[in-house]
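Trainee: After the structure tokens below, expect a handful of questions from me.
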Amino acid sequence: MRLLPWTYAVRNLGRSTLRTALQVSSGMLVVLLVLSATAFVRGMDSSLARSGEPANVILMSAGSEESLERSEIELGTAGIAAASIDGLKERLGSRYLSPEIHMATTMFTSPDATHGHPAMMRGMTPGAFLVHSAVRITAGKAPVENELLVGRFCHARMSLPHEQLAIGKQLWLDGRAWTISGHFEAPGTVMEAELWAPLDALRIATRRADNISCVVLTLDSAELADVELFCKQRLDLELVAMREVDYYAKIAAFYAPVKGMVWVTAVLVALGGLFGGLNTMYAAFAARVRELAALQALGFSRVAIVVSLLQESLLASAAGALVAAAVGLAFIDGIAVRFSMGAFGLTVDPQALTTGLGAGLCLGLVGALPPAWRCLRLPIAIALKHE
């Protein structure tokens with residue numbers, strides 16, 4: 001079978017600048033939407049997956065396995081666990097053990113402000129920096145007394161400008177002023193959207209005199225079974241042990257319907273873009289019915305003409321997909337998105353790029369076949385007289 005030259009398809013793209021621009025634009029918008037949806041899902045999955053460390057185990061109250069915010073355990077649990085469980089990780093005599101408070105609250109930018117900002121707070125001790133190895137202070141210092149350590153994505157979670165969370169600025173909780181002492185990052189985790197405060201100060205401010213949310217500890221030679229045995233021996237504490245990675249896996253499963261809704265929305269809008277592209281291709285090919293009939297009269301088969309039309313459509317769609325990929329890497333990657341657990345950054349990784357570029361090529365392939373078939377089904381004699 002004799003095919004039309006490759007240059008024929010390339011030159012046809014330049015015959016109508018407006019038509020080509022519409023094809024490229026429609027492909028770009030569809031790919032950008034698919035890329036954004038994939039970046040959302042990838043960002044949420046990776047942030048929840050990286051938030052838990054395989055060696056970490058959480059001690060929480062029985063019945064609160066799905067939310068640390070609901071958990072309440074005795075304040076002395078950390079000391080009891082440290083004395084009862086052998087094989088915890090240590091460094092220079094300090095055990096990897098962190099008593100913590102997890103709570104969702106509302107912070108105010110001034111003592112007389114009427115509009116609050118939702119925030120995730122974590123009461124912590126210096127041991128938190130041991131068990132959460134991804135956390136790194138990037139500016140300032142660790143908090144003491146009524147001070148806060150601010151995560152990199154807190155501004156997105158709280159809907160505040162970066163300047164409002166600068167070191168030295170103050171936030172108010174129940175009439176108490178908290179001074180920002182530093183900033184931290186924990187790449188790819190939900191902790192980046194949290195405010196960290198000294199455990200005792202937060203306990204007093206929230207009137208939690210004798211309880212905390214959980215204790216996070218890091219295993220060395222010990223096993224999860226050893227921690228579970230401790231929980232069974234101390235029934236009076238009403239504790240349950242769970243690996244940190246398993247806890248965040250449960251959270252990820254809870255958000256599965258949200259991710260499904262994002263995909264459904266992306267598919268529906270992509271279908272709208274496909275139908276719009278079909279209209280453009282129908283109009284473009286309908287104006288070339290006589291040209292296509294003349295090619296058949298010259299001896300080119302209909303299959304060869306369809307291949308050439310597919311080349312045109314794929315070139316335009318590929319150009320739009322490449323533009324969308326460049327826009328995604330430049331403007332979408334890393335954008336903070338708020339959700340109930342905090343915030344996470346959109347992730348335009350190789351998988352997201354592959355999905356987006358694949359959608360663009362599929363759009364070019366599917367968008368060209370129906371119009372091409374409609375234009376080539378006419379007999380040659382009738383097509384040559386087509387106006």
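The values are calculated or read from the model by the stated rules, or taken from the named source; none is laboratory data. These numbers come from a predicted model, not from an experiment. All Cβ positions, even for glycine, are placed from backbone atoms using ideal geometry, and neighbour counts span all protein chains on display.
Trainee: Residue check: is E192 outside any strand (DSSP E or B) and surrounded by fewer than 17 Cβ atoms within 10 Å (Cβ to Cβ)?
Mentor: No.
Trainee: Still on this structure, I have one more. Which pairs turn up if I take residues in the range 296-312 that are in the same structural domain as P370 (by TED's automatic domain parsing) and under 9 Å from A372 (Cα atoms) and look for partners that are exposed (fewer than 15 other Cβ atoms within 10 Å of the Cβ) and among the aliphatic types (A, V, I, L, M) with beta carbon separation below 8 Å, at least 6 apart in sequence or on another chain?
Mentor: Close Cβ pairs (under 8 Å, with a partner that is exposed (fewer than 15 other Cβ atoms within 10 Å of the Cβ) and among the aliphatic types (A, V, I, L, M)) amount to L310/L365.
Trainee: Is it fair to say V31 is assigned to a helix (DSSP H, G or I) and not assigned by TED's automatic domain parsing to the domain that holds L224?
Mentor: yes
Trainee: Shifting gears a bit: Test R50 against the stated conditions and say whether it is within 30 Å of A336 (Cα to Cα) and modelled with pLDDT under 90.
Mentor: The answer is yes for R50.
Trainee: From the list E90, E69, which one is surrounded by fewer than 20 Cβ atoms within 10 Å (Cβ to Cβ), touching a strand residue (DSSP E or B) at 6+ places or on another chain (Cβ under 6 Å) and not hydrophobic (A, V, I, L, M, F, W, C)?
Mentor: The unique qualifying residue is E69.
Trainee: If you don't mind, there's one more thing I want to ask. What's the number of the only condition in (1) in contact with a His (Cβ under 8 Å, 6 or more places away or on another chain); (2) in a helix (DSSP H, G or I) that M120 fails to meet?
Mentor: Of everything listed in (1) in contact with a His (Cβ under 8 Å, 6 or more places away or on another chain); (2) in a helix (DSSP H, G or I), M120 misses just condition (2).
Trainee: Would you mention how many residues in the range 151-175 are surrounded by fewer than 20 Cβ atoms within 10 Å (Cβ to Cβ), assigned to a strand (DSSP E or B) and not hydrophobic (A, V, I, L, M, F, W, C)?
Mentor: The qualifying residues number 1.
Trainee: Tell me whether the range 356-365 contains one or more residues that are exposed (fewer than 15 other Cβ atoms within 10 Å of the Cβ), within 30 Å of I380 (Cα to Cα), at pLDDT below 85 and in the same structural domain as L268 (by TED's automatic domain parsing).
Mentor: Checking the range 356-365: at least one residue is exposed (fewer than 15 other Cβ atoms within 10 Å of the Cβ), within 30 Å of I380 (Cα to Cα), at pLDDT below 85 and in the same structural domain as L268 (by TED's automatic domain parsing).
Trainee: So which of E65, E100 is closer than 15 Å to L239 by Cβ and either part of a loop (DSSP other than H, G, I, E, B) or touching a Phe, Trp or Tyr at 6+ places or on another chain (Cβ under 7 Å) (or both)?
Mentor: E65
Conditions (1) acidic (D, E); (2) on the phi < 0 side of the Ramachandran plot; (3) under 28 Å from the mean Cα position of the chain (by Cα), marked per residue:
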{"site": "K89", "(1), (2), (3)": "no, yes, no"}
{"site": "L92", "(1), (2), (3)": "no, no, no"}
{"site": "R95", "(1), (2), (3)": "no, yes, no"}
{"site": "G127", "(1), (2), (3)": "no, yes, no"}
{"site": "R136", "(1), (2), (3)": "no, yes, yes"}
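Trainee: Looking at G182, is it modelled with pLDDT under 95, touching a Ser or Thr at 6+ places or on another chain (Cβ under 9 Å) and not in a helix (DSSP H, G or I)?
Mentor: So G182 fails the test.
Trainee: I would also like to ask the following. Among the residues of the range 236-243, is there at least one that is exposed (fewer than 14 other Cβ atoms within 10 Å of the Cβ), in contact (Cβ under 8 Å) with a residue 60 or more places away in the chain, at negative phi and not in a loop (DSSP other than H, G, I, E, B)?
Mentor: Checked the range 236-243: no residue is exposed (fewer than 14 other Cβ atoms within 10 Å of the Cβ), in contact (Cβ under 8 Å) with a residue 60 or more places away in the chain, at negative phi and not in a loop (DSSP other than H, G, I, E, B).
Trainee: Can you find a residue that is touching a residue at least 60 places away in the same chain (Cβ under 8 Å) and acidic (D, E) anywhere in the range 344-351?
Mentor: Yes, because at least one residue in the range 344-351 is touching a residue at least 60 places away in the same chain (Cβ under 8 Å) and acidic (D, E).
Trainee: Which of the residues spanning the range 48-66 are surrounded by fewer than 16 Cβ atoms within 10 Å (Cβ to Cβ) and charged (D, E, K, R)?
Mentor: E66
Trainee: Then there is this: Is at least one residue of the range 227-243 in contact with a Pro (Cβ under 8 Å, 6 or more places away or on another chain), within 22 Å of I58 (Cα to Cα) and outside the structural domain of G79 (by TED's automatic domain parsing)?
Mentor: yes
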